[in-house]
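Each remark here refers to the structure printed beneath this line.
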Amino acid sequence: MTQYAFFFDQSRCTGCRDCTVACKNWHQLPPGPLKYLKVYEYEKGSFPVVRIHFQWVPCYHCEKPACVDACPVEAISKEPKYGAVLIDGDKCTGCRNCYEECPYGAPVFEGDEIGEVAQKCDMCIDRL
């Protein structure tokens, strides 16, 4: 199986989050907290020598994704051509097992209610 991935030079990230806006725009996600790509900010050091770092966190489309095995209705699968981990929204029951098992928190939900369908980065497979 071929495995595509993202390359992101985090040493050049300024934390502007334009990438998250572009991702939301491409996927036509509504305004609000729902996003497939996250940028985390954290500090290191202590005053007066403090550094700010940014961590780009999409779905990493793992070789052996824990979310696939955690889904009781097989709504998550690994696509063979590019190695993308995809969610079938028609099958998803919103049990949130995928979120609990994913070490990156890639599956996201529009609300906090159980039963909301999981969504996540699809590696922009429609652009490949």
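The values are calculated or read from the model by the stated rules, or taken from the named source; none is laboratory data. Keep in mind that what you see is a predicted model, and the values were worked out from it rather than measured. Because the Cβ atoms are built from the backbone with ideal geometry, glycine has one as well, and the counts that use them run over all protein chains shown. The protein model used for the area step is the full one, side chains on, heavy atoms only, and it has no ligands, DNA or RNA in it. Shrake-Rupley method; radii C 1.70, N 1.55, O 1.52, S 1.80 Å.
Data table
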| read-out | value |
| --- | --- |
| The stretch 89-110 - residue that is modelled with pLDDT of 95 or more and of a type in the set (Asp, Glu) and, of those, surrounded by the fewest Cβ atoms within 10 Å (Cβ to Cβ) | 90 |
| Residue within the stretch 51-66 that is in contact with an Asp or Glu (Cβ under 6 Å, 6 or more places away or on another chain), open to solvent by 60 Å² or more (accessible area, probe 1.4 Å), β-branched (Val, Ile, Thr) and more than 24 Å from residue 109 (Cβ to Cβ) present | yes |
| Output for the stretch 96-128, where each listed residue is part of a loop (DSSP other than H, G, I, E, B), over 17 Å from residue 36 (Cα atoms) and touching a residue at least 24 places away in the same chain (Cβ under 8 Å) | 128 |
| Filter pass, residue 85 being at pLDDT 95 or above and in contact with a Lys or Arg (Cβ under 7 Å, 6 or more places away or on another chain) | yes |
| Pairs where the first residue, in the stretch 76-87, is more than 11 Å from residue 123 (Cα to Cα) and the second is crowded, with 17+ Cβ neighbours inside 10 Å and among the charged types (D, E, K, R), C-beta under 6 Å, 6+ apart | 87/120 |
| Pairs where the first residue, in the stretch 34-49, is free of Cβ contacts under 8 Å to residues at least 12 places away in the same chain and the second is surrounded by 10 or more Cβ atoms within 10 Å (Cβ to Cβ) and outside any loop (DSSP other than H, G, I, E, B), C-beta under 9 Å, 6+ apart | 43/52; 43/53; 44/52; 44/53 |
| First in the stretch 11-24 and without any contact (Cβ under 8 Å) to a residue 60 or more places away in the chain, second anywhere and among the charged types (D, E, K, R) and part of a loop (DSSP other than H, G, I, E, B), Cβ under 7 Å, 6 or more apart | 20/35; 24/35 |
| Given (1) acidic (Asp, Glu); (2) open to solvent by 50 Å² or more (accessible area, probe 1.4 Å); (3) more than 24 Å from residue 31 (Cβ to Cβ), number of the condition residue 113 does not satisfy | (3) |
| Candidates 36, 82, filtered to the one that is under 21 Å from residue 128 (Cβ atoms), open to solvent by less than 70 Å² (accessible area, probe 1.4 Å) and touching a His at 6+ places or on another chain (Cβ under 7 Å) | 36 |
| Selection count where residues are closer than 14 Å to residue 119 by Cα and open to solvent by less than 90 Å² (accessible area, probe 1.4 Å), scope the stretch 13-33 | 5 |
